[in-house]
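The values are calculated or read from the model by the stated rules, or taken from the named source; none is laboratory data. From a predicted model like this one, the values you see are computed outputs, not experimental measurements. Backbone-built Cβ (ideal geometry, glycine too); neighbour counts: all protein chains shown. Ligands, DNA and RNA are excluded from the accessible area calculation, which covers all protein heavy atoms including side chains. Shrake-Rupley method; radii C 1.70, N 1.55, O 1.52, S 1.80 Å.
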Amino acid sequence: MTFYEFLPWLTGLHVAAVLVFAGGLVGETIILAALPQNQSLSQEQQNLAAFVHRLDRRLTAPALLLVWILGITLAVTMGWFSETWLQVKLVFVLILSALHGMQSGLLRRLANGSGQVRGQALRLTIILAAFVLVAILAVVKPF
Amino acid sequence: MTGQELAQEAREPNGERSPIKWLVAASLFEAVTLALLVCVAVPLKHAAGFEIATKIMGPVHGLAFLIYLWTVFNTVSDGSWKASAIARLVLSAFVPFAGFLTPRFIRHQRGALGRR
């Protein structure tokens, strides 16, 4: 099997990793939005945050790393880095990565009994909009 | 604060490595890959025609850059870092060799913010 015959597998694994990452990020965003805002958490809520934090470390964060590795490999192999659709897509990927980094840090602090949930209302909208745009840019490649 | 003191305090109450430790490691990884890209891979490509050097180091540095940015946002999301300090952390990823000074900057900031 040549490397180019292996490309559909790379693409499939990349999409699978994106699905796992998207599910994890959206799920933890919804759970954070459901927690009380601007106040300390009860022991039960702290346990929930600790569970979501463990899930994030074992599933969502590794999926993001796989998304980056497979995405970069695909873009280099196909010579896509000079194309505008990918450059625009990368902006949204950076936004999603940064939001996940912030959220992962918040979950760690909540699990350790420090930190408060703030400003979660708008975050879910931004994340969903970014995922929709990333999907459209990757499939349609409009420019 | 010395490196040894930093290492001793580099764990969270639950035994996890502290975000500061990850940030220092990610900044050094990013700095090393950028230095290798600029000082080794790019000269090899232009002087000796070894295009493979940049084809390997470019993606490796890209991955290191993403990991570093993720770690920066993971660390500063507690809201205790000034915007200028966050900007300094992010901008250092774009300037060759600036990343080697970042661990000292992080320790200085950490001292200014109090031990976390």
Given that compact globular proteins tend to follow 2.2 N^0.38 Å, what is the ratio of the alpha-carbon Rg of the protein assembly as shown to that value? 1.07
Over chain A, with the other protein chains present, what is the accessible area per residue in square angstrom, probe 1.4 angstrom? 52 Å²
Tell me the carbon and sulfur percent of the accessible area for the protein assembly as shown, rounded to whole percent, probe radius 1.4 Å. 68 percent
Ignoring ligands and nucleic acids, what accessible area does A:Asp56 show with a 1.4 Å probe (Å², nearest 10)? 0 Å²
Could you compute how much accessible area chains A and B hide from each other, both sides summed, with a 1.4 Å probe? Nearest 100 Å² is fine. 1600 Å²
For the ranges A:107-117, A:33-43, what's the packing order if you count other beta-carbon atoms within 10 Å of each residue, average per peptide, and put the highest first? A:107-117, A:33-43
Straight-line reach check, B:Lys45, cutoff 20 Å on alpha carbons, 8 or more apart in-chain or any other chain, hits among lysines -> B:Lys55
Stick to the Cα atoms of the range A:51-109, pair each with every other, and give me the Kirkwood hydrodynamic radius in Å at one decimal. 12.7 Å
Mind computing the radius of gyration and Dmax over the alpha-carbon atoms of the range A:4-140? Å is fine for both. 16.5, 54
For A:Val117, residues with placed amide H under 5 Å, excluding near neighbours: A:Asn38, A:Gln39
Where does chain A land at 222 nm, in deg cm²/dmol rounded to the nearest 500, when only DSSP H runs of n ≥ 4 count, each adding -39500 (n - 2.57), divided by all residues? -26000 deg cm²/dmol
Peptide B:75-81: average number of partner chain Cβ atoms within 10 Å per residue? 4
Across the range B:19-26, in residue order, what do the Karplus-derived ³J(HN,Hα) couplings come to in whole Hz, using 6.51 cos²θ - 1.76 cosθ + 1.60 with θ = phi - 60° and x for Gly and Pro? x, 5, 4, 5, 5, 4, 5, 5
Rounded to the nearest 10 Å², what accessible area does A:Val15 have for a 1.4 Å probe in the complete protein model? 80 Å²
Which residues does the label zone of A:Asn112 cover in the range B:72-94, counting backbone N under 14 Å from a point 7 Å along Cα→Cβ? B:74-81
Please report how far the C-alpha centroid of the range A:49-97 lies from that of the range A:1-40, rounded to the nearest whole angstrom. 9 Å
May I ask you to rank A:Met78, A:Met102 by accessible area, largest first, using a 1.4 Å probe over the protein chains only? A:Met78, A:Met102
What helices in chain A pass both tests, a Cα length along the helix axis of 27 Å or more and a mean Kyte hydropathy of -0.5 or higher, using whole DSSP H runs? A:7-34, A:84-111, A:121-140
By accessible area of protein heavy atoms, probe 1.4 Å, what ranking do B:Arg88, A:Arg54, B:Arg110, A:Arg118 get, highest first? A:Arg118, A:Arg54, B:Arg88, B:Arg110
Write down Rg/Rh for the range B:18-113, rounded to two decimals, with Rg from the C-alpha atoms and Rh from the Kirkwood relation over Cα pairs. 1.06
